[in-house]
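Report on the structure given below.
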Amino acid sequence: MDKFILHIFFFGLCKWNAVYSASPTISVLASTASISETTAIGTSVLSITASDSDGDTVTYSVASGGAKFVMNGAVLTTSDTFDYETSSDRTHNVVIRKHCAMDKILSSSLKAYYNCQLNIIRISVKNLVCSDADATACTISIQSGDDATNKFAISGTSIVTSANAIDYESLAGSNYVYTLIVVSSSDSISSATATVYVTITAVNEITPGTFSTSPSTISIAESVSIGTSVCQVSATDGDTEPAGALQYSIVAGDTNGDFGIDAVSGIIYTAKTIDYESHTSYPLTVQATDAASSPLSSSAVVTVTITNVNDNPPICTPNYGIVSLVETSTAGTTKHPLLGLRYVIYQRIVPLVETSTAGTTVHTLSCSDADGTTPTYSITSGNSDGIFAVSTSGVITIDTGKFRCYRMLIVVLAVDYDTGATAYSLAVQVTDGTYSTTVTVAVTITASNEATPSFSSNPTVNLAEDSSVGTAVYTYTASDSDAAPHGIASYEITTVTNSGITFFTIDHSSGAIQLAKTLDYESQTTYAITVVATDGGNLKCGTTWYPTYSNILYCNNKHQGFIKLLQRLLATLDYETTTSYSLEITVSDSASPARSTIVQVEITITNVNEATPVFTSSGLYSITFDEDTATATTLVTVSASDTDTGDTIVYGFVSAYTGFVIIPSTGVILLTESLNYETATTHSLLTTATDGTRTTTATVSLTVNDVNETPVFGSALYSPTIDENKAIGSSVVQVSASDVDASTNGVITYSLVSGDGSSYFVIDASTGVITTSALLDYEEKTEYNLIIRAADGASPSLSATCLVNITVNDLNDNAPLFIPNTFTLIINENVTTSTVIKTLDAADADSSVTNNNVFEYTLTTNTIPFSVGTTNGQVTTNTALDRETTASEEAPLNTYLFTISACDIDEGDNSRLTYIISAGDSNNDFKIESGVIFTAKTLDRETIAVYNLVIEVSDNGSPTNTATVTATVTISDINDNRPSFTTNFAFTVSESLAINGNVGTISASDADVGVNAALTYSIQQYWSSGTNPFTIISSTGVISIGSSLDRETLDTYHLLVRVADGGTPSLSSDLNITVSVSDVNDNAPVFGNLSYSGTVVEGAIVGTTVLTVSASDADAGSNAIISFSIDTASSGGTTADQYFTMASATGVITVKQATDNGSPQLTTSVSIYVSVTDINDNNPVFSPTFYDSEISYLVTCSSSITTLTATDADSGDNGAVSYYIISSDNINFDDYFEIGSSTDTGDNGAVSYYIK
């Protein structure tokens, strides 16, 4: 396997100034990494960690050499694939750089780098084992089978790939297999060969490409039907199938799923109704993906242009609306623009006030046509009096009675609610020339309180002072030209002069005034009654009238001496001008003579609150403040004045206004709660000024300016869930942020700013809908976190963020997998019921959260004699097994086997079925009747073990329709064949064979199968003498010895062996075998005597026979042939060998050793004593022959001079030596010297000097 080895070298540490930061501690977690050339993209190579005691963030990047690597946090991962065969540089030096907060102020020499050196290791294909008994090493070479460019090489004893790339696609002719003939030799003489089959597996190395589209220009009308073929795309992939088989899909450009694509053919078709008004073109991104386990893909954009068809009527929206138009609105006022269009008949409810003037805009229809045409408008009904007209743009206004179109407005005549015209129903037709839509506009005339009630006169009524209570005084009525509800609503008496308020009552509905108390002329002669009439719009009108009554003078005690005088006020009093009057009144009676008196009357004028306070600025105050104005800010000070003397003005609001307060004494209006432009752009504060009795009102109009505010998410955390495997583009959740600002300041744009799910999800910028952009797999990742930003449209923009925690739901999308997925079991048919024959092992990659990885084991068929534990996977037998349950070869004729059934949804003869066996039964061993299969002949498994019966079923229709199915009939075995020995067996073994040594193997065969062919061997009879030394392995037939053999004891054995099968009953066969014992030279020759002796005269002539020896050998053959020889291993034998010879075959003496011819040779020895009779045939011999001695002349007699030594080879007397001195030259040495001659005294040869 080619690999990359990473060696990590640390070049330098980022040294920090202690004032700013501590030096980070670096730890390389993996210093060496091996990378296969097949390593997938994204594989982690090594990890580097750094810590900083100051808590500074440390990041990493690839500084250089990282074309095929990226840093994922602190982990170096692969970003590309590796290919040993095409890599020109098989070493990658990757330099990793560490970044920390202080890097920007440090010199480059103080920053941290890491160097990673990556080397490739060759792929080992096969390691070969070669041995040679004659040598210690073998040389291996590839003889043939490789390409001319040598895809393989030998490295030591291994076959490895060479640097030349292997191309799977070019090997189709050889079934993707290299057949390498490998030769091994240890010398130039002998060699051995081996065949190595190298199967090449496909690698998905080629990305699909070369897209083409037919036709090349695509344009379709929006009216095409669903399923219409648009075009066909095709791509090529140089990989061989199945990896090169392409699947097509549309991955982008069609969020609505308007198009589909045939995954195999690449034909794009319409999947939904196409709408030009929704999409004028589709840039479809078509992806071609190959079928590899790790697929490659490429994509191309196919642009489908949609042509417009006039298929949309004009549409108007919304489908409801309430418009309030004051009847006094000026010409051209638009009250309620309609904003959209819908394809229905709409009703517009447009209230108009009765006095709306000519030119007033009643309503604006907003209609359009999705096809792009400009609609035209016309009023088709509801305008019989010609009050309304519609313009070309759908705007309705009030005009002078004839249709007048200007700037596409609808104009109408003035309307008068009070004359009975309270509503109009206008049918407005909107058309594009082909299609039309009718919009019903209901115009409701809202009554306007335009007339103030009025009294026709101020009458004077006279009453007698004695009028009774309840007397009708006067019915006082007012008139109002408004119709209900703005007509006269009520009457009331507001004031009566001279404290007369309690003397009168009024009926609120009719205006009838009655006397409530008795009158007293003397107390008061006149009252001014102020009556106010109020209409339904709260408009009021008041008048004062004067009831008077008769002047009666009382001068009696009835009035207790008081004189009451009714005097009319001749001028209006004014407290502010004159506060008192002093009157002198003369009172006289009518008697004669008349009497009179003078009364001094002091009249003090009391102040009456007759003036209403008056606001400055005509009672209209307009102010503008920003919505972020601080509370307690003074918004405005309203001011009013009163002409009455001494009045104190108090300020207030007509009603309470949230967020505002007015200081009663000063009129200062303060802000108590924050303004909100988005809630209310204006505020109208009705402010009052009262002097205690009279009140006036002013309007303070506050305009609020918009201030850009930060958007606010509805939730800081969204926790949606989504099922794994959801299609790309599936909606996950919609985040929602609100911005209280108006216009563009309140337009929110959503974006995905960070998170570990950034590559899996996208967000719609306008709606906040988060959708998937990649397939989710629970088994890869169970949750994702996204940081979502909501930014408003202001400049500068304000934004808020939220966290979206997406939990992936586990689906049961992974089928349990058996480990392994296939296996074969062999069991005996005689196993007992409930025997566990296998425990299955399976795994499910799904999660345990929803028990998706909890599975049960079940059998897919209930027709087999096994069951499986649903939870433990134990496969057990649930009934007795019988090999032959399929179809026994002993089944009698017409035995039922099985039934084939078919159905035909036709009727009558067309559904009448006929079954035949069309193939697989050449011997006609079966027959079929109405789908039932029977045996037609006796079956023999040994002839045919399996039948593949092709069953054909045909109906009786015309033409005939047929279907076929293959039924496999397995013939079960019965024990109907005896085992037979393959040959006659005879064995020869050496008598030296060790115990348990192999004698030989007997073998037999049985035509049956299974247990019926399970053979057992045994020795039934031992025919030879003695104890049987042989044993046999029952299962294999291997014969071995259990005790030692001795050919010299018994050289031939006869055994009766038996082979039996495992059937019931068992069948067997017997065979006599012979075992011959070959000789081993295990016996030494044996001499006839333990020793021999003989005598020979010393001088015997050559060839004289001295002695004959004999020997025998228990072995046979060459091992028993004896050769005699002299044993020269001893010194005596060596000597004897000089004088004696021995006939090797006969043992005639000259020999004293016997040797056999065995291998190895065995010998034995015998002692032979040969006595040689001595003759005196040897002279004595001095040793040495020369003696040189000296003697002093002063020596005394008997001084020893030397000792002479002589020997004689003879023996006995012939070898006894005597010494004597022989005189010479007439010198008698005996006179001076003597020599010992006596052998008895031991001084023989001793020479002495003495003087006689």
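Based only on Cα atoms, what Rg/Rh ratio does region 826-869 have, Rh being taken as Kirkwood's radius? So for region 826-869, dividing Rg by the Kirkwood Rh gives 1.10.
Show His683, His1054, His363 ordered by accessible area, largest first, where the area counts protein heavy atoms only and the probe is 1.4 Å.
Listed by decreasing accessible area, they come as His1054, His683, His363.
Dimensions of region 624-770 based on its C-alpha atoms, expressed as ranges along the principal axes with the largest first, amount to 88, 21, 20 Å.
Equivalent-ellipsoid semi-axes for region 435-532 (Cα gyration tensor, √(5λ), whole Å, largest first): 45, 11, 10. In a solvent-free Debye calculation with one equal scatterer on each Cα, what is log10 I(q)/I(0) for region 219-267 at q = 0.13, 0.23, 0.31 Å⁻¹, listed in the order of the q values? Results for region 219-267 at q = 0.13, 0.23, 0.31 Å⁻¹ read -0.39, -0.94, -1.29. The Rg/Rh ratio of region 723-773, with both radii computed over alpha carbons and Rh defined as the Kirkwood radius, is 1.06. Stretching the chain fully between Ser479 and Asn821 yields a gain of 112.7 nm (0.36 nm per residue, less the alpha carbon separation). Only protein heavy atoms count here; on that basis, with a 1.4 Å probe, Asp1113 has an accessible area of about 20 Å². Distances over 24 Å make up what percent of all Cα-Cα pairs in region 876-992? More than 24 Å apart: 46 percent of the Cα pairs in region 876-992.
Remark on region 702-859: hydrodynamic radius 19.4 angstrom, per the Kirkwood mean of 1/r across alpha carbon pairs.
Backbone geometry of region 908-915 corresponds, through the Karplus equation with coefficients 6.51, -1.76 and 1.60 at θ = phi - 60°, to 3J(HN,Hα) couplings of x, 4, 5, 10, 7, 10, 10, 10 Hz, x marking Gly and Pro.
Over region 572-612, accessible surface divided per residue gives 76 Å², non-protein components excluded, 1.4 Å probe.
If you roll a 1.4 Å probe over region 452-499 with all protein chains in place, what percent of the accessible area is carbon or sulfur?
Summing carbon and sulfur atoms, their accessible area is 47 percent of the total for region 452-499.
Projected onto its three principal axes, the C-alpha set of region 688-733 covers 79, 22, 18 Å, listed from the longest axis down.
The string of couplings for region 260-272 from the Karplus curve (6.51, -1.76, 1.60, θ = phi - 60°) is x, 9, 6, 4, 9, 7, x, 6, 8, 9, 7, 9, 9 Hz, one whole number per residue in order, with x for Gly and Pro. With all protein chains kept in place, the per residue accessible area of region 838-978 amounts to 58 square angstrom at a probe of 1.4 angstrom.
Taking every alpha-carbon pair in region 603-698 and binning the separations at 5 Å intervals from zero gives 2, 13, 22, 21, 14, 11, 6, 5, 2, 1, 1, 0, 0 percent. Binning the C-alpha pair distances of region 779-929 at 10 Å intervals from 0 yields a P(r) profile of 8, 19, 17, 19, 15, 8, 6, 5, 3, 1 %, listed from the shortest bin outward.
The values are calculated or read from the model by the stated rules, or taken from the named source; none is laboratory data. Just so we're clear, the structure is a prediction, and the values are computed from it rather than from any experiment. These area figures cover heavy atoms from the full protein model, side chains too; ligands, DNA and RNA do not enter into them. Shrake-Rupley method; radii C 1.70, N 1.55, O 1.52, S 1.80 Å.
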